[in-house]
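Structure first, commentary second.
The values are calculated or read from the model by the stated rules, or taken from the named source; none is laboratory data. Computed from a prediction, not measured in an experiment: that's the story for all the values here. A quick note on method: Cβ atoms are made from the backbone with ideal geometry, for glycine too, and the neighbour counts reach across all protein chains shown.
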Amino acid sequence: MPCCHTFLRDRQLLEAELQAIDGLDITRNVPLAPLTTFHIGGKARLFLAPRNIRALEQALLSLKRHEQGYRILGNGSNLLIDDAGVDVVLSLRGLTRHLAPQLQFSRGLEPIGVMVEAGMSLQRLLAWAVKNGLSGLERLAGIPGSVGGAAFMNAGANGTDISAVVEAVLFTFPGESHWYSRDVLKFEYRRLVTPDDAVVSAARFLLMPCSVPDLMRNVRVIMGRRRVTQPIGSKSAGCVFKNPEGDSAGRLLEMCGLKGRRVGDAQISSKHANFIVNLGQAGFDEVFELMTSAKEEVFAHTGIVLAPEVAVWRDYV
Ligand SMILES: Cc1cc2nc3c(=O)[nH]c(=O)nc-3n(C[C@H](O)[C@H](O)[C@H](O)COP(=O)(O)OP(=O)(O)OC[C@H]3O[C@@H](n4cnc5c(N)ncnc54)[C@H](O)[C@@H]3O)c2cc1C
């Protein structure tokens, strides 16, 4: 069994190296379900939580040196995690620094640059922007992701996406970090093209001064619309499938009569056919079976192949 021994020794060496990193919290066997909006998933064998970008750089360096794979966790709002859990998770929730200029000195019509680390909640950033009379994020009201996850997924709604207000992204690589300005960033539908080995560790946004009451009204309208059209408050991971070019996945799923279909405690929402909700004890298999059968039926009826929007984490198959 030399192979197994080598693996264990290398894992011990990796863990010893990680322990030595200043600003990195390490925990074993961390339940992931409570860290997701779906409330589904097993444990992370090793859970790494950097408290600053330097610690993230060092953690990525050690993982690379030991050829250890890992998953990046933001706010867990677009994830379906296997009940068997996953091996190594790098959570960015501890990166929440937020740098804005002295707003009282820059009240013209010029856009204002705001730097935010990846772990900050997008909704907290939006609330801060509204309070300070800064416009640009309102149409993303209600998206429960982190800033890093929203940038990585190019999260969007109401005819816009986050790329519209991103001025630059800080990519962290093993041992180093670099700002990429918007002219070199490549945003696509629900995706930021990311260099190999890179993690989004911060972003800079350009926000426009605007009246606070106007901003509050816009956010209220958008949230009101969400409450009517989406199963807000249920356990879900948002839209399960990406919209195919020129169409809506929700429309296709509804047209195939899939609203309300259930496998165990996983159900296609009767409010919005592109949401699967966890009615209580749904596990990975139930959701996966529902996704697979829905995809097959849409293909059989329309010839369109739906692609998942939700990120599926499965390490042990
Ligand atoms: C009720 C509800 C409504 C939603 N509405 C919308 C909507 O209107 N529009 C929309 O676009 N989405 C929507 N979503 C989905 C989700 O909120 C977004 O995709 C969000 O951007 C995901 O961010 P996160 O931090 O939760 O990422 P996670 O779910 O933690 O991760 C998602 C993926 O991004 C990767 N990732 C996360 N952070 C980083 C990082 N910093 N660097 C590199 N990779 C990273 C993860 O590894 C994973 O592959 C909704 C979800 C819910 C539950």
Open item on the list: Go through segment 175-220 and report how many residues are within 15 Å of the ligand (Cβ to nearest atom) and without any contact (Cβ under 8 Å) to a residue 60 or more places away in the chain.
Closed with: 15
- [ ] Would you mention how many residues in segment 210-249 are outside any helix (DSSP H, G or I), modelled with pLDDT of 95 or more and of a type in the set (A, V, I, L, M, F, W, C)?
- [x] 4
Open item on the list: Checking the conditions here, which among Ser248, Ser293, Ser211, Ser269 is in the same structural domain as Ser163 (by TED's automatic domain parsing) and either small (Gly, Ala, Ser) or exposed (fewer than 14 other Cβ atoms within 10 Å of the Cβ) (or both)?
Closed with: Ser211
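Here is a yes/no grid of residues against (1) touching a strand residue (DSSP E or B) at 6+ places or on another chain (Cβ under 8 Å); (2) in the same structural domain as Val199 (by TED's automatic domain parsing); (3) within 16 Å of the ligand (Cβ to nearest atom):
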position	(1), (2), (3)
Asp10	no, no, no
Ala16	no, no, no
Ile26	yes, no, no
Val30	yes, no, yes
Thr36	yes, no, yes
Gly41	yes, no, yes
Ala49	yes, no, yes
Task: Some residue of segment 89-106 being more than 9 Å from the ligand (Cβ to nearest atom), among the charged types (D, E, K, R), in contact with a strand residue (DSSP E or B) (Cβ under 6 Å, 6 or more places away or on another chain) and touching a residue at least 12 places away in the same chain (Cβ under 8 Å) - done: yes
Open item on the list: Need the failing condition index for Glu110 against (1) surrounded by fewer than 17 Cβ atoms within 10 Å (Cβ to Cβ); (2) within 16 Å of the ligand (Cβ to nearest atom), just the number.
Closed with: (2)
